[in-house]
Amino acid sequence: MNMKTLLAAAGLAALTAAGAEAQVKVGMITTLSGGGASLGIDTRDGFMLAIEMAGRDDIEVIVEDDQRKPDVAVQLSDKMIQSDQVDVLTGIVWSNLAMAVVPSATAQGLFYLSTNAAPAQLAGPGCHPSYFSVSYQNDNLHEAAGAHATNAGYENTFILAPNYPAGHDSLNGFKRFYEGGLAGEIYTELGQTDYAAELAQIRASGADSIFFFLPGGMGISFLKQYADSGIDLPVVGPAFSFDQGILQAVGEAALGVNNTSTWSKDLDNAANAAFVEAFQETYDRLPSIYAAQGYDTANLLLSAMDKADIDDTEAFRAALGEADFDSVRGGFGFASNNHPVQDIYVREVIKEGDIFTNKIVGIAMEDRANAYTEECSM
C-alpha cells in the first residue's frame, strides 16, 4: 500500500504500517478540520511518511481530529488510553490542548512525544520523565526573533500574539532577547480573523517594526489585512506565521519577511534532503515545519523501538533520551528537561517559480536549549 492510498483510507481512523501485529500502538490527536487543519495534516503526513519510509510492521497509528477543542482532545485521549490501549500519544498542535491532555496521560504511564506544542509549564515545574518535546520549547523561535530584531537595530517593536499558553510563551520569549522598547503589546483572541482594531493601534503607536505570532488561519488573515492597511513597517515572526500553507494563501505580501525557524527545506544534510524529496513525491507539495517535526518525532520513536521494549519503561525512556536518529534539523539532542538543544535559523520569504517558500539567511541562536531547565526537578 503506498502512502497516498494509506492516507486516503476512509475516516483516517487507524493507520497501520503493515499487516503484522503491532508491538507499539500510537495515538495521534491532531487538528484535521477548521482553521488550523493544515497544521495537523502536515503533522500527520510527516509522521506517517517516516513510518512508511522505514518499512516497519511493528507499529500502529490511530489518528483522530481534535477539532482544536480541549474538551474533544481530552475525550479522545481518554478513549485512546482506556479503549485503544495505546502506548504513546503524540500530534497535538495547540498548547491549550496539550495542557489539557499531557499531564493526565503521563500520570497514567504513557509516553507523550510532542510534535509541536511545548508550553513553558511542561518544561519547568510540570516536566515529566515520559514527556519529550521533539519540536522545541514554545519560547525558542520567539527568543530567536527577539535576538534578530535586536541585531537588525529595531528599537520600538509592536508585538502581538493569541491569548493562550503558546501566545504568552511567544511574547515572553521575544522580550527575553529583545533589547529595544515596545510600542505596544496585545493578546488577541485565539482563532480571531479580524485585525482592524489591532492594525489601527499599530498605525498610531509610533512603532518601527512588528513582531507577531499568529499560526494557521490567524496568520493568513493578519498578513492579508496588514498588506491592505498601507502600514509599511518591517515584520519579524516565527516560522509558524510563515509556513508553507500561510505563504501560499498570502502570496506577494510576505516576500522579504524574516522569520525564525529550527528547520528549513534548504538545510544541507542528507536526512533533510531525503525527507523533502520524499514528502514532495508523496504529497505533491512542499513540507512545512510541522511536517518536519512530525517526521522527526516518528524517527525518534522508531529509534527507541530498536533499542528497548516499550514495556520496559526505564529502558525505553533512556532510549528516547539518547535521540539516536538522523534529524532533518542536523544536530539534535535533549536538554535535562527533555526539550531539544538545536540551532535556530533566520529565514527570508522568497518565491521559487510559482511557489512562495523560505530560504536560510543566517543563524539567530546556536545550540539553544530553553529557559526552564532549572525549574524542572527531574
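Derivation of every value follows stated rules applied to the coordinates shown; laboratory data play no part. Predicted, not measured: the structure shown is a model, and the values here were computed from it. Ideal geometry is used to build each Cβ from the backbone, glycine not excepted, and the neighbour counts take in all protein chains shown.
Across the chain, the longest piece that holds none of the GluC sites (Glu not before Pro) lying in DSSP loops with up to 16 other C-beta atoms within 10 Å covers 190-378. Going by neighbour counts of Cβ atoms within 10 Å, the residues Ile350, Ile344 line up, fewest first, as Ile350, Ile344.
Total lysine pairs in the chain at Cα distances under 19 Å, for residues eight or more apart or on different chains: 7. For the chain, the longest principal axis of the alpha carbon atoms and the long axis of helix 313-322 meet at an angle near 40°. Near Gly191: Cβ cut-off under 13 Å, other residues only, Lys/Arg at +1 and Asp/Glu at -1. The net charge is 0.
Secondary-structure-derived ellipticity at 222 nm for the chain, considering helices only, amounts to -12000 deg cm²/dmol, per-run term -39500 (n - 2.57) for DSSP H runs with n ≥ 4. For the chain, the share of DSSP beta bridges that are antiparallel, to the nearest 5, is 40%.
For segment 203-236 and segment 127-142, what is the separation of their Cα centres, given in Å? Segment 203-236 and segment 127-142 have Cα centres separated by 27 Å. Calculated from the structure at hand, Rg and Dmax of the Cα atoms in Å is found among [x] 19.7, 63; [y] 27.3, 84; [z] 20.6, 66 as [x].
For helix 95-107, what angle does its Cα long axis make with the longest principal axis of the chain, in degrees from 0 to 90 and rounded to 10? Computed tilt is about 30 degrees. Label reach from Asp312 (point 7 Å along Cα→C-beta): in segment 52-72, amide nitrogens under 20 Å belong to 58-59. Sequentially through segment 48-58, phi angles give Karplus couplings (6.51, -1.76, 1.60; θ = phi - 60°) of 5, 4, 4, 5, 4, 5, 7, x, 7, 10, 10 Hz, Gly and Pro residues having no value and appearing as x. Amide H contacts under 5 Å for Gly333: Val341, restricted to partners 5 or more places along the chain or on a different chain, H placed in the peptide plane at 1.01 Å from N.
Each 5 Å bin from 0 upward holds the following percent of the Cα-Cα pairs of segment 62-187: 2, 11, 20, 20, 15, 11, 9, 6, 4, 2, 0, 0.
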